[in-house]
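The values are calculated or read from the model by the stated rules, or taken from the named source; none is laboratory data. From a predicted model like this one, the values you see are computed outputs, not experimental measurements. Note that each Cβ is placed from the backbone with ideal geometry, even for glycine, and that neighbours are counted across all protein chains shown.
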Amino acid sequence: MEAKNLEEAQAQSESSTPKSGRRMLSRRATFTILCIAQFVMVLDTTVMNVSISQVVSDLHTTVTAVQAAITLYALVMAAFMLSGAKLGDLWGRRRAFTIGIAIYGVGSLTTALSGSITMLLIGWSLIEGLGAVLVIPAIAALVATNFQGKERAVAFATLGGISGAAVAAGPLIGGFVTTVLTWRVVFAAETATVLAMLPFCRGINDAPPLRGVKFDKLGAVLSALGLGLIVLGVLQSSKWGFFTPRGALEIGGQKITPFGFSVVPFLIAAGGVSLDLFARHQRHLKETGGTPLLDPDLLGIPRLRAGAVMTVAQQLIIAGTFFVIPLYLQLVLGKDALQTGIAILPVSITMIVGALSGAPLARKLSPRRVVQMGLVLLFAGLIGVQAAIGPSLNGAAFGIAIAAFGGGMGLVVSQLGNVMMSAVDGSRVSEVGGVQGAAQNLGAALGTALIGSVLLVGLLNGFQTHVQDNPELPPSVEQQILAATDEGIDMAPPSAVGKAAREGGLSDAQAANIQAGYAEAQLQALKTALLWAAGFALIGLWFARRLPGEPLQSEETVKEE
């Protein structure tokens, strides 16, 4: 019923003339607005990574807190993306796009003016995230409304390239602006961009909103709760312990350790139960004639399901890698944000080249082959990066490896959007936009949380092992350090750790020993985190075999396999 309504609405939109007093934009102008919005939405997922050290210093916070902000931004989008897509059906995509852009601008301004990590969390992670959940699905639906056939395929491929360019450009833009001015200028510029876009939003051509569609509030709560609990559990595993409790969740001064275990597996299990209840609720609505938040039949389409799984894997690898590498360059090598952005520049160039090359390659080969080629190149790049980093950097090897990583990721990014959108007809493209957006941001949230947790757990275990096995440290000092790090340890420059040890009363020799042990543990943890990212590339390679094995036809619009 809902799909039929949307088909009729689109037909009405395409056959009708613009309303009196409203000058409709040309398709080229419309697509330009949508591309700018896509670039801004994706840019925010990586632009902050090279500015972590400066944000920590400016807001008097910790790397862990900024990691939480980065994760929460992606989590909010993942949790509410399906709701944003459905609100687009109810309000109309142009209206959802305009409201979302306006909300995003308010969040950007709040972030630019942040004086604390709490304000950053509210402005960036929450308000910007809620704006993005309206914008991202609307972009996909508006492209489907304004383009047909071959032009639509080219438009979706171009959006994939724009996304790849934004991911790659984020570290360079963030590094330059942070070093020359301040990281706040990035968000102020986003506010200015939004203000410039808003007057043009009214002229975007759109199909009329659906009639008789009800918003599934229970489904929205269950999906958000499920995704939120899973990512929260993964994020906090480095602090609370995954099974054995380390620093426990405290409520009213009472530590929560169910049956003597960490609360983390229980949070993840509760998230899984919530998602199972969500799936059951969606099937019930479908069977009883209601309007589900997500049609349960949608994920039954093999091509769409494969594209969604690969999108999660792709974003997990990107987010995890772009979280780890800037920390190495800044904390181990002491580079500033601009130098970090320049060091990562090869990935920006090769990712754009890979993204632009992917579409023509897929017409000759297939999305499956192109993605597999990309993942192999990506895996080789991550292994190369892991081998190149050390107390000093092998610059040539690092540049080649990071370029291979970028090229591989560009090939992967170029395929998945078109694979997912070509799996359904135009009447369901808004739903697919919601699924794609949720998959992208779930992967980004899991990447930052999971790879970040691997990093912090590795650092903690390595440093504590060094302290315990160090005969130069008196037992009293050993116990003092172990107690201080019992609930976790933060990433910091090794020199800062040595300084803190001296200020804590240790001798210069003991402080130097502590500093050396911390530096060794930190470097090993960074290498381990990169190996985990490479491992996920291999897992993605296995799942990629479910992608279409034949070239996609440019005129193809639906393939419910």
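Scanning the stretch 108-118 for residues that are surrounded by fewer than 24 Cβ atoms within 10 Å (Cβ to Cβ) and in contact with a helix residue (DSSP H, G or I) (Cβ under 8 Å, 6 or more places away or on another chain) gives Leu109, Thr110, Ala112, Leu113, Ser114, Ile117. Based on what the data block shows, is Leu416 closer than 30 Å to Glu550 by Cα, aliphatic (A, V, I, L, M), surrounded by 24 or more Cβ atoms within 10 Å (Cβ to Cβ) and at pLDDT below 85? Against the criterion (closer than 30 Å to Glu550 by Cα, aliphatic (A, V, I, L, M), surrounded by 24 or more Cβ atoms within 10 Å (Cβ to Cβ) and at pLDDT below 85), Leu416 qualifies. Does Ala65 fit the bill of being surrounded by fewer than 24 Cβ atoms within 10 Å (Cβ to Cβ) and among the aliphatic types (A, V, I, L, M)? Against the criterion (surrounded by fewer than 24 Cβ atoms within 10 Å (Cβ to Cβ) and among the aliphatic types (A, V, I, L, M)), Ala65 qualifies.
Let's see how each residue does on (1) closer than 28 Å to Ala306 by Cβ; (2) in contact with a helix residue (DSSP H, G or I) (Cβ under 9 Å, 6 or more places away or on another chain); (3) without any contact (Cβ under 8 Å) to a residue 60 or more places away in the chain; (4) surrounded by fewer than 24 Cβ atoms within 10 Å (Cβ to Cβ):
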position	(1), (2), (3), (4)
Gln386	no, yes, no, yes
Gly390	no, yes, no, yes
Leu393	no, yes, no, yes
Ala396	no, yes, yes, yes
Met409	yes, yes, no, no
Met421	yes, yes, no, no
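Considering only residues in the stretch 357-376 that are surrounded by 18 or more Cβ atoms within 10 Å (Cβ to Cβ) and among the aliphatic types (A, V, I, L, M), the one that is nearest to Pro326 (Cα to Cα) turns out to be Leu375.
Per-residue answers, yes or no, for (1) crowded, with 22+ Cβ neighbours inside 10 Å; (2) modelled with pLDDT of 90 or more:
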residue: Ile101; (1), (2): yes, yes
residue: Val106; (1), (2): no, yes
residue: Gly131; (1), (2): yes, yes
residue: Pro137; (1), (2): yes, no
residue: Gly160; (1), (2): yes, no
residue: Ala165; (1), (2): yes, no
residue: Ala169; (1), (2): no, no
residue: Thr178; (1), (2): yes, no
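Return yes or no: is Phe379 surrounded by fewer than 24 Cβ atoms within 10 Å (Cβ to Cβ) and of a type in the set (Phe, Trp, Tyr)? So Phe379 passes the test. Every listed requirement among (1) modelled with pLDDT under 70; (2) of a type in the set (S, T, N, Q); (3) outside any helix (DSSP H, G or I) is met by Ser262 save one, (1).
Determine whether the stretch 510-518 contains at least one residue that is surrounded by 15 or more Cβ atoms within 10 Å (Cβ to Cβ), in contact (Cβ under 8 Å) with a residue 40 or more places away in the chain, over 18 Å from Val324 (Cα atoms) and among the β-branched types (Val, Ile, Thr). Checked the stretch 510-518: at least one residue is surrounded by 15 or more Cβ atoms within 10 Å (Cβ to Cβ), in contact (Cβ under 8 Å) with a residue 40 or more places away in the chain, over 18 Å from Val324 (Cα atoms) and among the β-branched types (Val, Ile, Thr).
Of note, Arg22 satisfies the criterion of being in contact with a Lys or Arg (Cβ under 7 Å, 6 or more places away or on another chain), at pLDDT below 80, farther than 29 Å from Ala224 by Cβ and not aromatic (Phe, Trp, Tyr). Applying the selection to the stretch 422-460, what residues are of a type in the set (A, V, I, L, M), at pLDDT 75 or above and under 30 Å from Ala207 (Cα atoms)? Matches in the stretch 422-460: Ala423, Val432, Val435, Ala438, Ala439, Leu442. Here Gly131 meets each of (1) within 25 Å of Leu218 (Cβ to Cβ); (2) in contact (Cβ under 8 Å) with a residue 40 or more places away in the chain; (3) of a type outside the set (D, E, K, R); (4) out of contact with any Leu (no Cβ under 8 Å at 6 or more places or on another chain) with one exception, condition (2). Where helices (runs of 4 or more DSSP H) fall wholly inside the stretch 23-130, the ranges with 2 or more residues that are among the aromatic types (Phe, Trp, Tyr) are 27-43, 63-91, 93-112.
Criterion first (surrounded by 13 or more Cβ atoms within 10 Å (Cβ to Cβ), in a loop (DSSP other than H, G, I, E, B) and modelled with pLDDT under 80) does Val213 satisfy it? The answer is yes for Val213. Quick check, is Ala196 at pLDDT 85 or above, in contact with a helix residue (DSSP H, G or I) (Cβ under 6 Å, 6 or more places away or on another chain) and either surrounded by 15 or more Cβ atoms within 10 Å (Cβ to Cβ) or hydrophobic (A, V, I, L, M, F, W, C) (or both)? In short, no. Counting the residues of the stretch 90-128 that are among the polar types (S, T, N, Q) and over 19 Å from the mean Cα position of the chain (by Cα) gives 5. Considered as a group, the residues in the stretch 331-349 that are touching a Pro at 6+ places or on another chain (Cβ under 8 Å) and within 22 Å of Glu520 (Cα to Cα) include one that is surrounded by the most Cβ atoms within 10 Å (Cβ to Cβ), and that residue is Thr340. Scanning the stretch 274-299 for residues that are surrounded by fewer than 14 Cβ atoms within 10 Å (Cβ to Cβ) and among the β-branched types (Val, Ile, Thr) gives a single hit, Thr288.
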